[in-house]
Amino acid sequence: MWVLAALVVVAASAARLWLGDALDFQHALAALRALGDSGWAPLAYVFAYAAGTMIFVPAVGFHALAGVTWGLAKGLALAWLGLNVGSNVQFALGRWAGQKTVSSFLHQKGYGSLLRKLEGEGAWTMVWVRQVPLPFFVVNVAAGSSSMKWRHFAIGSCIGGLPSVIVSTYFAAQLINGVAGASREVLLTTLGMGAAMLLLLGLARRWARRRAAVVEATRADR
């Protein structure tokens, strides 16, 4: 299995080198626009999102690409779809490759603390991890190789990925529409959403701990 994992890494690196300028934002935008309003454009985008992030193309670039290509509403929906499809495909890859294989590889790359954080944790941990600027692919395969339940990953990734999707898609749509002051507005929006997400996460975890303590006390009294 470790041979297979090594082949995947080598193939991903080779693909990134071979594609070269094809991974450039302008090339990707031109390719999507060439498909026009056909149904193939969204499918091509979602496939490119899942495959591109596996060779370490930043996910935020795909969010911006959706905003520029389709505008805010449709771009936001497709960016969110791409995030969820891509993350779950990569989670499945991590689970299929096996804990020992992926864990060994990620420890060598300096992501041991991430693995420890994900081990045995639930959806709220994934919400928190999505706020940390870590490679999209690394987080997904690490979660897949951990003992985290798939449904917890899917829910946490879906919720936790929203701030990045909303902000970058909105920013790109505003820029393409020529809205003055878009960069300042997106900075304020990013700070506001990040603070709100962390506050909600903190409150939710505090509530969960209190509830667990109450349940534990109730059991002890019986």
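The values are calculated or read from the model by the stated rules, or taken from the named source; none is laboratory data. Model, not experiment: these values are computed from the prediction. Note: ideal-geometry Cβ built from the backbone for every residue, glycine included; neighbour counts use all protein chains shown.
Going through region 76-129 one residue at a time, which ones are within 17 Å of the chain's Cα centre (by Cα) and of a type in the set (Ser, Thr, Tyr)? Result: SER87, TYR111, THR125. Scanning region 75-127 for residues being farther than 18 Å from HIS152 by Cβ and not in a helix (DSSP H, G or I) gives a total of 4. Pairs meeting the criteria (first residue in region 68-80 and on the phi > 0 side of the Ramachandran plot and in contact (Cβ under 8 Å) with a residue 40 or more places away in the chain, second residue buried (at least 21 other Cβ atoms within 10 Å of the Cβ) and of a type outside the set (Asp, Glu), beta carbons under 8 Å, at least 6 apart or on different chains) are GLY71/ALA173. Does region 63-75 include one or more residues that are among the hydrophobic types (A, V, I, L, M, F, W, C), closer than 26 Å to PRO133 by Cα, at pLDDT 50 or above and in contact with a Ser or Thr (Cβ under 6 Å, 6 or more places away or on another chain)? Yes - at least one qualifying residue is present in region 63-75. Of all residues in region 33-55, those satisfying the criterion of being over 13 Å from VAL85 (Cα atoms), surrounded by 14 or more Cβ atoms within 10 Å (Cβ to Cβ) and modelled with pLDDT of 70 or more are ALA41, ILE55.
Would it be correct to say that ARG130 is over 17 Å from ALA51 (Cα atoms), buried (at least 19 other Cβ atoms within 10 Å of the Cβ) and basic (Lys, Arg)? Answer is yes for this residue. Across region 81-126, the qualifying residues are those that are in contact (Cβ under 8 Å) with a residue 60 or more places away in the chain and among the polar types (S, T, N, Q), and the one among them that is surrounded by the most Cβ atoms within 10 Å (Cβ to Cβ) is SER87.
Quick grid of which residues meet (1) more than 13 Å from the chain's Cα centre (by Cα); (2) in a loop (DSSP other than H, G, I, E, B); (3) modelled with pLDDT of 65 or more:
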{"residue": "SER147", "(1), (2), (3)": "yes, yes, yes"}
{"residue": "HIS152", "(1), (2), (3)": "yes, no, yes"}
{"residue": "ILE159", "(1), (2), (3)": "no, no, yes"}
{"residue": "VAL165", "(1), (2), (3)": "no, no, yes"}
{"residue": "PHE171", "(1), (2), (3)": "yes, no, yes"}
{"residue": "GLU185", "(1), (2), (3)": "yes, no, no"}
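Being in contact with a Leu (Cβ under 9 Å, 6 or more places away or on another chain) and at pLDDT below 85, is that true of even one residue in region 81-97? Checked against the condition, which is being in contact with a Leu (Cβ under 9 Å, 6 or more places away or on another chain) and at pLDDT below 85, region 81-97 yields at least one hit. Yes or no: region 128-139 includes at least one residue that is of a type in the set (Phe, Trp, Tyr), in a helix (DSSP H, G or I) and without any contact (Cβ under 8 Å) to a residue 60 or more places away in the chain. No, region 128-139 contains no residue that is of a type in the set (Phe, Trp, Tyr), in a helix (DSSP H, G or I) and without any contact (Cβ under 8 Å) to a residue 60 or more places away in the chain.
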